[in-house]
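Any read-out appearing in this document is the output of simple, stated calculations on the displayed coordinates, not a laboratory observation. Bear in mind the structure is a predicted one, so any value in this text is a computation, not a measurement. Note: ideal-geometry Cβ built from the backbone for every residue, glycine included; neighbour counts use all protein chains shown.
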Amino acid sequence: MKRAFEETEESDGERAAGSDTAEERAIRAMPIVTALAYVRAVKDKARGVRVTLTCYNCREYGSCAKPQEAPIHLSKERTTMRACLQELIKRLEENHGNCAEAVAKKAAADAASAATVDPDAPNVLQAMMQLQQAKSRAEAANKLALEAEKERDAAEKAVEELKRQLQPKRPRTDDDAGDAHEVLAEVENWDLRDHRQQATRVQNRRNVQLGSRQNQAQPRAGTDGFLHHKRLGLVGWIAYWCLGDSALAGDIIVALIKTLGLTELVSDALASRKHKEAETNAKIVDLFKEALDEIKNCRTEQQRVEFHIALACVMPPREAEGSKNGWIRPICDRRGMASEPWQNQR
C-alpha cells in the first residue's frame, strides 16, 4: 500500500518502504475500527493519525457511541508516526474495551436476523416468475378462445346459409331486432357472440334518427321496461350521470329535452295538469260570483251581513297608497264591481 505519510525521523530499519507497519495492521484489525487516516499539519498542530469507529452504529449494544477517536499528533514526546500509532493503540484498548463487545453482539444479532427467514415474506423473484407464467397461460387461453370463437362463427354462418337456402326469403322487420325487454336476461351467461349481437342490435336502434318514424308501439313499462330495465333503463342511466344529485338530474333532463328538440311536446304534456287546475279554479270563482250576485241586493239585514262576510273571505289586505301589487282591483274586476267603495269600507 502506498505510504500516506512521512515520518519526521526514520527509526533504524523499523519498516521497509511501501509496507504497512505492525501498528497499522493491528489498528485495522480491531473490530471497532472502520478506517485509519492521517492528518496533515494545520497551523500550530503537527501531522498525526486518527481512526473512524463503528461505536456509533453499535450504541444499542452498550458501546460509547463515538464516531471517531481524537487524533494523535506529533509532539516532543512522540517524534515519529510510529509513536503516534502506538499511542493510538493504547487509547483504543483503554477507552473502547466495551465497544469491542458491543460490535461482537451486533454482528451476532445481524447474523441471526439474516438466518431467520419469514415464511410469509413475499419472494419478489418467485412472484415475478409466477406472474410471467400466469400471463403466458392467459395469452394461450385467450388465443384458444379466439380460435374456438372463430370456428363457432364459421359454423353459425354455415347454418344460416343452409337455412336461407331451405327457407323462403322474407324482409327483415323491426320486430326481428327485438325490443329492450326481449334481450336475454341472463347477461352473465352470454358468450362473446351474444355480446356482439346485442351490441350491434343496440347500436342500430341508437342510430335511428329521432323524428324519422311515426306511430311506433309504446315500449313496455315495469321492471323490464324503458324506465327500469336492468341494462338499458333510462332511470339507471340518469342515476349514472347525476351521481345522486337531483338538481343535476334535472339539468340533464332539461338539456336532453332541448337537444332532442322536444321542448314544445314536453311543455304541452306538463301544462295539461296546470290547465286542468286552472279550469277548476275558474269554475269555483264563477260559482262564488253567482252566489254573491244573488245576495248583493241585500233585501234584508241578514243578507247584507252575509254579503260582506263573503266578500271579506276573498278580499286581501289593502296595500300602501299607490302600490301596483295589490289584489283588490283585479278581484273586484273579476267580480264585476267597483273597487273604490270596497277600499273605503276596508
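How far apart, in nm, are two points set 7 Å out from the Cα along the Cα-to-Cβ line at ALA291 and at SER113?
That separation, rounded to one decimal, is 9.6 nm.
Can you pull the one-decimal nm distance between simple spin-label points at LYS276 and ASP44, each 7 Å off the Cα toward Cβ?
11.1
Label point 7 Å out from GLU60 along Cα-to-Cβ: which residues of the stretch 87-116 have amide N under 16 Å?
102-116
7 Å from Cα along Cα→Cβ at both ILE257 and GLN203: what's the point-to-point distance in nm?
Calculated label separation equals 3.3 nm.
Length gain on complete extension for the stretch SER267 to ALA134, per 0.36 nm per residue less the alpha carbon to alpha carbon distance?
Once the chain is fully extended between SER267 and ALA134, it gains 42.0 nm.
Given Cβ point charges of +1 (Lys, Arg) and -1 (Asp, Glu) and nothing else, what value in debye, to the nearest 20, does the dipole of the stretch 59-169 about its Cα centre take?
With only Lys, Arg, Asp and Glu charged at Cβ, the dipole is about 300 debye.
The stretch 30-111: which trypsin sites (Lys or Arg not before Pro) are DSSP loop and have at most 12 other beta-carbon atoms within 10 angstrom?
ARG40, LYS43, LYS76
Tell me, in nm to one decimal, what length is gained between ARG196 and LYS157 on full extension, where the rule is 0.36 nm per residue of separation less the Cα-Cα distance?
The ARG196-LYS157 span can extend by a further 12.6 nm.
For LYS230, go through the lysines and keep the ones whose alpha-carbon is under 27 Å away, minus same-chain ones fewer than eight residues off.
Leaving aside lysines fewer than 8 places away in the same chain, those within reach of LYS230 are LYS258.
Cα to Cα, under 24 Å, and not fewer than 8 places away if on the same chain: which lysines meet these conditions relative to LYS43?
Once the sequence-local lysines are set aside, what remains near LYS43 is LYS76.
Report the charge-dipole magnitude of the stretch 22-114 in Debye, nearest 20, computed about the Cα centre from +1 at each Lys and Arg Cβ and -1 at each Asp and Glu Cβ.
My answer is approximately 400 debye.
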